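The values are calculated or read from the model by the stated rules, or taken from the named source; none is laboratory data. No experiment lies behind these values; they were computed from the predicted model shown. Cβ placement follows ideal geometry from the backbone for every residue including glycine, while neighbour counts extend to all protein chains displayed.
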Amino acid sequence: MLHDLERQFLACVHSTSGGKKSMQVDAAAVGQELGLRGEQTLHVTDHLATEGLLVRGEPGPSGADLVCITPEGIDVVLAAREADVE
């Protein structure tokens with residue numbers, strides 16, 4: 001089960017990547033945009049990766065992992081948006 005913060009993080013990754021599952025984004029930059037500290041960002045990315053919603057890549061410019069959203073992660077974001085519209 002995802003927490004609201006994890007859904008927000010996933011939505012931000014989706015938005016930052018333009019919805020492209022192959023585009024990697026800096027997890028630290030996403031976390032910073034959401035007001036998270038480094039350890040909070042790490043915890044969120046760990047959980048989302050365990051759930052198969054994000055894939056970790058090599059460390060980015062900030063030293064934090066680059067992440068990309070999976071097709072399952074995109075489905076979660078789109079389902080949440082659809083639920084918000086209803």
Say we look at the stretch 29-59 and pick out the residues that are over 20 Å from VAL77 (Cβ atoms) and touching a strand residue (DSSP E or B) at 6+ places or on another chain (Cβ under 9 Å); which of these is modelled with the highest pLDDT? LEU42
Restricting to the stretch 7-28, name every residue that is in a helix (DSSP H, G or I) and closer than 11 Å to VAL77 by Cβ. ARG7, GLN8, PHE9, LEU10, ALA11, CYS12, VAL13, HIS14, SER15
Filter the stretch 29-57 down to residues that are surrounded by 17 or more Cβ atoms within 10 Å (Cβ to Cβ), within 11 Å of the chain's Cα centre (by Cα) and either outside any helix (DSSP H, G or I) or among the polar types (S, T, N, Q) (or both), then give me how many there are. 5
